[in-house]
Amino acid sequence: MSFRAIRAIQTDTGVTTELVMLNDSDLDVGDVTVRVDYSTINYKDGVAITNASPVIQRFPLIPGIDLAGTVEASDSAEFAVGDKVVLNGWGLSQTHDGGFSQKARVPADWLIRLPASIDTRHAAAIGTAGYTAMLSVLALEHGGLTPDRGDVLVTGANGGVGSVAIALLAKLGYRVIASTGRQEEAEYLTALGAAEIIDRATLSEKGAPIATERWAGAIDSVGSHTLANVLAQTRYGGVVANCGLAQGVDLPGSVLPFIRRGVTLAGIDLVNAPKAKRIAAWERLAWDLDLGKLDAMVTTVGLEEAPDVARSIFSGRIRGRTVVDVNR
């Protein structure tokens, strides 16, 4: 049976994409076939499609690091036809065909069965960004952070990770400070649960190796000088979870926050996180994420629009989550 997909192709001038019709014989290796309902657009999808970094490791390949849908066929005892499933990361859009397609065949070990309270559209809206935000919250909790310890900063607040992180932290009782370069989005961030909004410019330049204590914890998706300044202003015994590198891969700071204030820096691996950790994150998302707030941060596009939206992700103008309805 034929299905539509976006395929990335390598040319002499770079990477381009095309809308193609494929058949079941074109499906990638795996033991579970999923009828995809939705995918989503994340920062990594923009990197892959623009070839800003060699994310895609074989061509041609279907991009899209997320998919959510219904099991159509299964050779795995773990999944049955009709199961609602989600897949984030692993080899999608790198070595394995991804979610910008109406159908996908994947290894069963990569799939998570959705909690009953989350449908496939909400699962895609959460996507890698929301799942990453939940992993970051779990890391803060693992480090001993609780709402009574003080404020939590979220950098890159308008993005997918930041938007979901704010909603999660607010529901859990934290007072959230949102860092953004788009002050016109203050109403949006406040509606998600931010109690205070600061200009990202106050964090994005080289700062002191250690500075006045401001927050008990932080979720950072920016890296570089921003992360260094976040660490420098974290309170004694605080916890910072880093899950991104929008500003850069460097960390031009000092060890002083670690050895003078006992600050913990927790790294968040979203691509290869073990399945048990993924299941725990999705179970917590089912409990701790306000789906009404999630709906408020979602924009939906069709399959044909996905590549152009992914290419525009570096403009800094995309807000919240972009869901790709592959059947629209």
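The values are calculated or read from the model by the stated rules, or taken from the named source; none is laboratory data. Everything numeric in this text was worked out from a predicted model, so none of it was measured. Reconstructed Cβ throughout: ideal geometry from the backbone, glycine too, with neighbour counts over all protein chains shown. Surface areas here come from the heavy atoms of the whole protein model, side chains and all, with no ligands, DNA or RNA. Shrake-Rupley method; radii C 1.70, N 1.55, O 1.52, S 1.80 Å.
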On Cα atoms only, tilt of 160-171 relative to the major axis of the chain in degrees: 60 degrees
Mean Cα-pair separation over length for the chain, i.e. relative contact order, pairs under 8 Å, 6 or more apart, %: 19 percent
Principal axis dimensions, largest first and in whole angstrom, of the stretch 186-300 by Cα: 40, 36, 25
Accessible-area ranking of 315, 25, 254, largest first, probe 1.4 Å: 25, 315, 254
In Hz, Karplus ³J(HN,Hα) per residue of the stretch 132-141 (6.51, -1.76, 1.60; θ = phi - 60°; x = Gly, Pro): 5, 4, 5, 4, 5, 4, 4, 5, 4, 5
For residue 118, residues with placed amide H under 5 Å, excluding near neighbours: none
Highest-fluctuation residue, 317, 121, 261 considered, GNM on the chain with Cα pairs under 10 Å: 317
By accessible area with a 1.4 Å probe, ligands and nucleic acids excluded, highest first: order of 122, 96: 122, 96
Fluctuation leader among 230, 222, 249 - the chain, Gaussian network, Cα springs under 10 angstrom: 249
Modelled FRET efficiency - R0 35 Å, residue 283 with residue 12, Cβ distances, 0.05 increments: 0.15
Cα→Cβ-extended label distance, 7 Å offset, between residue 117 and residue 312, nm: 3.4 nm
Accessible area (Å², 1.4 Å probe, nearest 10) - residue 75: 140 Å²
Using distinct alpha-carbon pairs, which all enter the 1/r mean, Kirkwood radius of the stretch 2-52 in Å: 13.0 Å
10 Å beta-carbon shell around residue 213, net charge (K/R +1, D/E -1): +3
Residue-wise HN-Hα coupling along the stretch 219-227, computed from phi with Karplus coefficients 6.51, -1.76, 1.60 (Hz; x: Gly, Pro): 10, 10, 10, 10, x, 6, 4, 4, 5
GNM result for the chain, Cα springs below 10 Å: residue of 197, 259, 112 fluctuating most strongly: 259
Difference of contour (0.36 nm per residue) and Cα-Cα distance, residue 258 to residue 20: 80.5 nm
Helix axis angle, 275-288 relative to the chain longest principal axis, alpha carbon, degrees: 70 degrees
Relative contact order (percent, whole number), the stretch 32-121, Cα cutoff 8 Å, 6+ residue spacing: 37 percent
Rounded to 5, the percent of DSSP beta bridges in the chain classed as antiparallel: 55 percent
Placed amide H near residue 105: partners under 5 Å, 5+ positions off or other chain: 28, 34
Heavy atoms of residue 168 accessible to a 1.4 Å probe, total area in Å² rounded to 10: 0 Å²
Where Rh is the Kirkwood radius over Cα pairs, Rg/Rh for the chain: 0.98
Long pairs among 44/275; 84/275; 206/277; 44/103; 171/277; 84/171, criterion Cα-Cα beyond 23 Å: 206/277; 84/171
Helix-derived mean residue ellipticity, 222 nm - over the chain, DSSP H n ≥ 4, -39500 (n - 2.57), to 500: -8000 deg cm²/dmol
